[in-house]
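Let me begin by presenting the structure, written as structure tokens, before commenting on it.
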Protein chains: 2
Amino acid sequence: MTEVIEPAIETVTIDVVLSALADPVRLTLVRALDAAGDWTCGSDALRDTGVTIGKSTLSHHIKVLRHAGLIRTRVDGIRRLVTLRHDEVEQRFPGLLAMLRDPDPARAAAR
Amino acid sequence: MTEVIEPAIETVTIDVVLSALADPVRLTLVRALDAAGDWTCGSDALRDTGVTIGKSTLSHHIKVLRHAGLIRTRVDGIRRLVTLRHDEVEQRFPGLLAMLRDPDPARAAAR
DNA sequence: TCCAATGTTCGATCTGCGTCGTACTGTTCG
DNA sequence: CGAACAGTACGACGCAGATCGAACATTGGA
């Protein structure tokens, strides 16, 4: 089970991360990884997110997220398992993942 | 000294904030506000950031940042004072401003 | 060996948005 | 009042990036 090349977390800049997360599709992908765990490009967890894009487009978004240091891709036989780099991202950018988890402003108002 | 209309911090979503911060110019503006305090569109603190854009473009970016809940604009006579909504942003998105403060990955590596 | 399944790469297309210039608004001061 | 200043609004333009389809690569199984 080899890994696709990815940046060391210390070399990742917030600028690149922000650009990566600015796209609604990629934000959905990261949220799905955070909530439902890993998936492959054809998995149900991904399909349940409601993102309906071509597989080439999905491949593109995964590449952007990987270059931003947010996810990892492991080659597992015929498929590629996509994983959120949870601990590393939390260490490099504390609180970031928690922010993404709360899309509903109403809950913030209730705090 | 009236205030230009701005969203309540509880109604601000992370999606909009990320879109606002994804632009390099706006990121520079927020960093300048965080480091050097308030400024007006013609102030030295702003000019020192090195952003060389037309005033209509600057006005556009300020509007985007204001709609994202990150800054506040107070009308002060002939000029408009731009302020970072520091405490509110920190309350709504803890850790966000700290992330923006550290653009150099080398420092993160040294931690 | 050949085929099916899973992604990637490449080229083309198209849309969003960052940028600019100009005109306009509002404020202060002479 | 009128001129100068500070910024906004608007329309136009151009480019980066999101999207797609098709061709290609790689692996596993029949």
Checklist entry - Tell me: how much accessible area in total is hidden between A and B, 1.4 Å probe, Å², nearest 100? => result 1900
Checklist entry - Looking only at A:75, A:25, A:17, which one moves most when chain A is put into a Gaussian network model with springs between Cα atoms under 10 Å? => result A:75
Checklist entry - Which far-off residues, 5 or more places away or on another chain, put their amide H under 5 Å from the one on residue A:71, with H placed in the peptide plane? => result A:66, A:85
Checklist outcome for this item: For residue B:57, the net charge from surrounding residues (Cβ-Cβ under 13 Å; K, R +1; D, E -1) works out to +2
Next on the checklist: If the only charges are +1 at each Lys and Arg Cβ and -1 at each Asp and Glu Cβ, what is the size of the charge dipole of region A:9-101 around the Cα centre, to the nearest 20 debye?
Outcome noted: 300
Checklist entry - At what distance in nm do the modelled label points of residue B:67 and residue A:48 sit from each other, each positioned 7 Å from its Cα along Cα→Cβ? => result 3.4
Checklist entry - Amide H to amide H, which residues 5 or more places from residue A:39 or on other chains are under 5 Å from it, using H placed in the peptide plane? => result A:82
Item to check | Inter-label distance for residue B:38 and residue B:4, nm, one decimal - labels placed 7 Å from Cα along Cα-to-Cβ | outcome: 1.4
Checklist entry - What list of ³J(HN,Hα) couplings, whole Hz, do you get for region A:5-15 from phi and the Karplus terms 6.51, -1.76, 1.60, once you set θ to phi - 60° and write x for glycine and proline? => result 3, 8, x, 5, 5, 6, 8, 7, 9, 5, 4
Checklist entry - What does the convex hull of the Cα atoms come to per residue for the protein assembly as shown, in Å³? => result 146
Checklist entry - Running Debye on region A:10-111 with equal point scatterers at the Cα sites and no solvent, what base-10 log of I(q)/I(0) appears at q = 0.19 Å⁻¹? => result -0.97
Checklist entry - When we measure straight from the Cα of residue A:63, which aspartates and glutamates land under 12 angstrom away, once same-chain ones fewer than 8 places off are left out? => result A:6
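Got a number for carbon plus sulfur as a percent of chain B's accessible area, 1.4 Å probe? Could you put the intermediate results ahead of the total?
On the way: 3110 of 5720 Å².
That share works out to 54 percent.
The values are calculated or read from the model by the stated rules, or taken from the named source; none is laboratory data. Every value quoted in this text rests on a predicted model; they were computed, and no experiment measured them. We place every Cβ from the backbone using ideal geometry, glycine too, and count neighbours over all the protein chains shown. Side chains are part of the model used for accessible areas, which takes the heavy atoms of the whole protein and leaves out ligands, DNA and RNA. Shrake-Rupley method; radii C 1.70, N 1.55, O 1.52, S 1.80 Å.
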